[in-house]
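**Student:** Quick one: structure below, then a few questions.
The values are calculated or read from the model by the stated rules, or taken from the named source; none is laboratory data. Keep in mind the model is a prediction, meaning the values are calculated, not measured. Because the Cβ atoms are built from the backbone with ideal geometry, glycine has one as well, and the counts that use them run over all protein chains shown. All accessible areas refer to the heavy atoms of the entire protein, side chains included, with ligands and DNA or RNA removed. Shrake-Rupley method; radii C 1.70, N 1.55, O 1.52, S 1.80 Å.
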Amino acid sequence: MSFDGTLQERVEHWFAQGATAIGNGEAEAAFFELRGALEAGALRAAEPDASLPLGWRVNAWAKRGILLGFRLGTMVEMGSTEGLSFVDKGTYPARRFGVVDGVRVVPGGSSVRAGAYVSKGVVVMPPAYVNVGAYVDEGTMVDSHALVGSCAQIGKKVHLSAAAQIGGVLEPVNASPVIIEDEVLVGGNTGVYEGTVVRKRAVLAAGTVLTRGTPVYDLVRGEIYKATAEMPLIIPEGAVVVPGSRSISRGKGQEWGLSLAAPVIVKYRDEKTELSLVLEDILR
Ligand SMILES: CC(C)(COP(=O)(O)OP(=O)(O)OC[C@H]1O[C@@H](n2cnc3c(N)ncnc32)[C@H](O)[C@@H]1OP(=O)(O)O)[C@@H](O)C(=O)NCCC(=O)NCCS
């Protein structure tokens with residue numbers, strides 16, 4: 001069952017073999033090479049591509065490779081014999097960092113899974129979790145209780161505030177992951193799920209939740225943004241989104257006086273917003 005080719009060809013081949021790939025040394029070698037490339041940032045689950053309408057290209061084969069790792073992995077015990085103990089797929093242990101990596105991982109319960117890329121200058125405050133296939137670019141802050149889900153793409157100088165939840169999108173493999181572009185502020189207790197794209201320098205106020213099914217109301221441009229069958233929900237560059245609500249105008253909802261959550265773009269980033277967002281650079 002020997003198979004030669006590029007990393008992509010090998011990954012596709014062993015993925016297509018299904019359960020018969022389990023225990024095969026060549027399949028494992030292809031997976032470990034893929035995992036190493038993801039960790040080095042040389043390969044990404046999704047990458048910018050200006051020629052496409054979304055501006056991002058999903059590398060479905062990289063996501064297949066990640067799934068291959070789950071299939072090939074067997075359960076192993078991890079951690080020291082004295083301290084905390086863990087049991088997980090041996091293909092996805094916690095990454096180990098050294099001073100040379102240039103990433104600060106403050107002690108206290110954070111974990112970055114093997115197969116995640118974390119650039120120099122990133123700060124990870126405890127507890128936080130960065131899952132496989134995630135890409136966290138330079139100068140980004142991952143604050144306490146933040147989740148960077150599988151394959152999520154986080155740009156440069158992004159601030160993921162406390163308890164920000166960036167959902168993972170691993171399957172279906174051709175589905176676009178959540179993408180947070182450069183210099184976005186993701187406020188505390190926010191949730192960004194299901195392939196939502198947040199363009200550069202946008203601000204999500206504390207408590208904003210965005211999914212494929214969430215319409216977003218732009219008061220400035222007089223438009224309503226929604227995901228379509230082809231495109232995810234996209235928050236425009238520089239938009240300031242705050243959690244709002246809209247009343248239900250028919251049926252029982254109206255009778256009962258209910259309203260639904262409705263994120264609202266109240267403005268586009270201006271000097272006042274910059275003042276609200278001054279970061280404590282010295283902490284970095
Ligand atoms: C969005 C944010 C940055 C404010 O931006 P700003 O540019 O200073 O906003 P402004 O004060 O000019 O407000 C513009 C409008 O939005 C409203 N607004 C602002 N923030 C709001 C919020 N969080 N929720 C609801 N409405 C909000 C204001 O009342 C104002 O409306 P008005 O003109 O009708 O009065 C701020 O609210 C925020 O959420 N910061 C993030 C906080 C956070 O999570 N920090 C985590 C650090 S770990």
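**Student:** Can you tell me the 0 to 90 degree angle between the C-alpha axis of helix 60-72 and the longest principal axis of the chain, rounded to 10?
**Tutor:** 50
**Student:** With a 1.4 Å probe and all protein chains in place, put Leu219, Leu204 in order of accessible area, largest first.
**Tutor:** On the way: Leu219 120, Leu204 0 Å².
If we order Leu219, Leu204 from most to least accessible, we get Leu219, Leu204.
**Student:** Roughly how many Å² is the accessible area per residue of the chain, as a whole number, for a 1.4 Å probe? Please report the intermediate quantities before stating the final value.
**Tutor:** Details: 13970 Å² over 284 residues.
Normalised by residue count, the accessible surface of the chain is 49 Å².
**Student:** Turning to a different aspect of this structure: So how much slack lies between Ala50 and Thr6, counting 0.36 nm per residue of separation and subtracting their Cα-Cα distance, in nm? Spell out each step's value before the answer.
**Tutor:** Values: separation 44, 0.36 × 44 = 15.84 nm, distance 2.52 nm.
Here the segment from Ala50 to Thr6 would lengthen by 13.3 nm.
**Student:** Hey, rough spin-label estimate for Thr81 and Ala29, points 7 angstrom out along Cα→Cβ, what's it come to in nanometres?
**Tutor:** Calculated label separation equals 3.4 nm.
**Student:** Principal axis extents for region 123-278, Cα atoms only, whole Å, descending order, please.
**Tutor:** Cα extents, longest axis first: 48, 41, 28 Å.
**Student:** Please report, in whole Å, how far the alpha carbons of the chain spread along each principal axis, starting with the longest.
**Tutor:** Taking the Cα atoms of the chain, the three principal extents are 63, 44, 40 Å.
**Student:** In what order, largest first, do Arg57, Arg113 sit by accessible area if the probe radius is 1.4 Å?
**Tutor:** From most exposed to least exposed: Arg57, Arg113.
**Student:** Which distance in nm do the two modelled labels at Ala19 and Val106 give, with both placed 7 Å along the Cα-to-Cβ direction?
**Tutor:** Between Ala19 and Val106, the simple spin-label model gives 4.6 nm.
**Student:** Another one. Share of antiparallel DSSP beta bridges in region 1-141, in percent to the nearest 5?
**Tutor:** Details: 8 of 15 bridges.
Among the beta bridges of region 1-141, antiparallel pairing accounts for roughly 55 percent.
**Student:** Next question, about the same structure. To the nearest 20 Debye, how big is the dipole of region 120-216 about its Cα centre, given +1 on the beta carbon of each Lys and Arg and -1 on that of each Asp and Glu?
**Tutor:** Values: 7 positive and 8 negative charges, 33 e Å.
Result for region 120-216 is approximately 160 debye, rounded to the nearest 20.
**Student:** Separate question: For Lys252, list the lysines whose Cα falls under 29 Å from its own Cα; do not include residues on the same chain fewer than 8 positions away.
**Tutor:** Partners found: Lys226.
**Student:** Still on this structure, please answer the following. Ignoring ligands, DNA and RNA, please state the percent of accessible area on the chain from carbon and sulfur, probe 1.4 Å. Mind showing how you got there, number by number?
**Tutor:** Working: 7610 of 13970 Å².
Whole-percent figure for carbon plus sulfur exposure: 54.
**Student:** Using a simple charge model, +1 on the beta-carbon of Lys and Arg, -1 on the beta-carbon of Asp and Glu, nothing else, what dipole does region 28-132 show about its Cα centre, in debye to the nearest 20?
**Tutor:** On the way: 12 positive and 9 negative charges, 46 e Å.
Around 220 debye, computed over region 28-132.
**Student:** Sticking with this one: Go through 77-88, 254-265 and give me the packing order, highest mean Cβ count within 10 Å leading. Don't jump to the answer; show the numbers that get you there.
**Tutor:** On the way: 77-88: 9.6, 254-265: 13.8.
Taking the mean over residues of other Cβ atoms within 10 Å, the ranking is 254-265, 77-88.
**Student:** Spin-label point model (7 Å from Cα, Cβ direction): what's the Leu258 to Thr211 distance in nm?
**Tutor:** Placing both labels 7 Å along Cα→Cβ, they lie 1.4 nm apart.
**Student:** Right, something else. When the dipole is taken about the Cα centre of region 10-56, and only Lys, Arg (+1) and Asp, Glu (-1) are charged at their Cβ, what size is it in debye, to the nearest 20? Before the final figure, lay out the partial values.
**Tutor:** Values: 3 positive and 7 negative charges, 11 e Å.
I would put it at about 60 debye.
**Student:** May I ask for the angle, rounded to the nearest 10°, between helix 7-16 and the longest principal axis of the chain, with both axes built from Cα atoms and the value confined to 0 to 90°?
**Tutor:** Long axis of 7-16 versus the principal axis of the chain: about 90 degrees.
**Student:** Hey, another quick one. List, in order, the whole-Hz ³J(HN,Hα) value for each residue of region 41-48 obtained from phi through the Karplus relation with A = 6.51, B = -1.76, C = 1.60 and θ = phi - 60°; use x for Gly and Pro.
**Tutor:** For region 41-48, the Karplus curve yields x, 6, 10, 10, 5, 8, 9, x Hz.
**Student:** Rounded, prolate or oblate: which fits region 1-138 when a ≥ b ≥ c are the square roots of the eigenvalues of the alpha-carbon gyration tensor, with rounded for a/c under 1.5 and prolate only if a/b beats b/c?
**Tutor:** Details: a/c = 2.33, a/b = 1.16, b/c = 2.01.
In terms of gyration-tensor shape, oblate.
**Student:** If you don't mind, another one. Using 0.36 nm per residue, how much length does the chain from Asn174 to Ala42 gain when fully extended, once their Cα-Cα distance is taken away? Could you put the intermediate results ahead of the total?
**Tutor:** On the way: separation 132, 0.36 × 132 = 47.52 nm, distance 1.94 nm.
Taking Asn174 through Ala42 to full extension adds about 45.6 nm, to one decimal.
**Student:** Another question, if that's okay. Accessible surface of Arg71 in the full protein assembly, 1.4 angstrom probe, to the nearest 10 Å²?
**Tutor:** 80
**Student:** Counting only the heavy atoms of the protein chains, how much of Glu28 is accessible to a 1.4 Å probe, in Å² to the nearest 10?
**Tutor:** 70
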